[in-house]
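The values are calculated or read from the model by the stated rules, or taken from the named source; none is laboratory data. For clarity, every value in this text was computed on a predicted model and none was experimentally measured. Ideal geometry is used to build each Cβ from the backbone, glycine not excepted, and the neighbour counts take in all protein chains shown. In case anyone asks, the SASA skips ligands and DNA or RNA and just uses the protein heavy atoms, side chains included. Shrake-Rupley method; radii C 1.70, N 1.55, O 1.52, S 1.80 Å.
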Amino acid sequence: MPRSYRRDMAAEPPTASPPPAPPARVEPVLVPRWVQMVLLPLAIAGAYLLLTKAGHVVLLFTIAGLIALFLNPLVTLVQRARIPRGAAVAIVMVSVVGLVAGLGFVLSDPISDQVSALQREIPGYVDDANEALADLQEWLDRRGVEIQIKEEGESALQTIGERLTGGAGEVVGFTSDAVQRLVEASIALILIIVLSIYMLIYGNRIGAITRAVVPPGDGTPEDDFPTRVQGALFGWVRGQFLFCMIMGTSAGLMLYVLGSFGIFPEGKTYAVAFGVWFGIAELIPYIGPAIGGFPPVLIAALSDDPLDAVWLIIAFIALQQIEGHVVAPNVFGSALQLNPLLVIAGLLLGGEIAGFLGAFLALPIAAIVRETVVYFHRHVRFQRWDLPAAEPPPPKASCPECGTLVALGAAECPACGTELDREGAVAASATAPG
């Protein structure tokens, strides 16, 4: 026996089993078209019932998803320092909470000083308004007008003054309904934070699943669906921040200018507090301008010159018109690349579905929907649902005698009776079929 053969026999024992055969490929189940047509409306109806019954849960997941999309680039940036994703999520969440708390701490001192000074002035405004009511009541009595407005007006002014000054030092007790709503809001906030943390932790998997579901792009960030969605959300945040800054600054400057000209002098003193409040109120759709302008108008109405309140109402109406027709369309149109009609429709639809919170979330969701439509329009083509084409007419040829079109193979011309053979008719044909 050759030496090399003996060496191979020693290396491979005779009892070695052959490698296992790969499993046979299982063909996927083919779903017939009629089954798809039946399941599609059932799936739509089921999704509608689920949304109507679990709308609160869907809203929580939507808010958490938007927060996770907004913070995901920061988590990715922290991960570049070779930090695990879980630790990166914790670092980002703690940093964001600390930033918000620090910003509130920095702004709290000047704003609280102006608010405290304003509260100290409220009793004087109420006294001036009571004196004006007494003068008006005396004027009505002298002319025999039987209208009593002094007592009712004083009671209303006293109530407003106590509310604005904190109830004269008394602690306002919460009702059971208020406590219940506070607890529900706290639980919802905790759930949103927890859901957003989980979404950030599994962000890479969610992105991979999303890329596997949607049609593939060309591999660049400009044609990556999750990246485009994140860009749309960042555009909304940038637009919302810029919009609130512009409107808050405009309101503060307007009050400062009016106060400098002697119209509502308190506006010059408390311009920062009123401007910050107006900018924050702009986050509330529909009624944000009214909420932002209510405190200065009320204080002007309680002052010794109530006519200032009328001038403030006119000024805030003009500011609101500029906001609605100039600032908002340009800011959000540029940031979200949405037509103003779509912005208005999204706000109305969001408000109809989920109230003020729905209107607040309508624009970021509309921006995401826009990016989805643009992406699918670029990468998806639907097969035409044309009807089957009809049978083409039989080819015809011209009669060599009278020129009438005759079907190929006819024995004679139906018009003149000339006998035709197949080859003669074909040879005499000078027209195209049909």
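The local environment of W236, defined by Cβ-Cβ distances under 15 Å, has a net charge of +1 under the rule Lys, Arg +1 and Asp, Glu -1. Measuring nothing but alpha carbons in the stretch 28-106 and taking Rh as the Kirkwood radius, the Rg to Rh ratio lands at 1.27.
These residues, F234, F105, go from largest to smallest accessible area, 1.4 Å probe, as F105, F234.
Past the 19 angstrom mark, what percentage of all C-alpha to C-alpha distances in the stretch 241-354 do you count? More than 19 Å apart: 46 percent of the Cα pairs in the stretch 241-354.
Sorting the segments 294-300, 272-278, 235-241 by their residues' average number of neighbouring beta-carbon atoms within 10 angstrom, most packed first, yields 272-278, 294-300, 235-241. Within the accessible area of the stretch 191-296, the carbon and sulfur atoms contribute 75%, probe 1.4 Å, all protein chains present. Protein heavy-atom accessible surface, 1.4 Å probe, per residue over the stretch 274-322: 47 Å². Computed on protein heavy atoms with a 1.4 Å probe, the accessible areas place I353, I209 in the order I353, I209, largest first. Projecting the Cα atoms of S334, S303, L361 onto the dipole axis of the stretch 239-393, where Lys and Arg carry +1 and Asp and Glu carry -1 at the beta carbon, places S334 farthest toward the positive end. Ranked by the mean number of other Cβ atoms within 10 Å of their residues, highest first, the peptides 47-59, 400-412 fall in the order 400-412, 47-59. Our compactness index for the stretch 198-283, the C-alpha radius of gyration over the empirical 2.2 N^0.38 Å, is 1.83.
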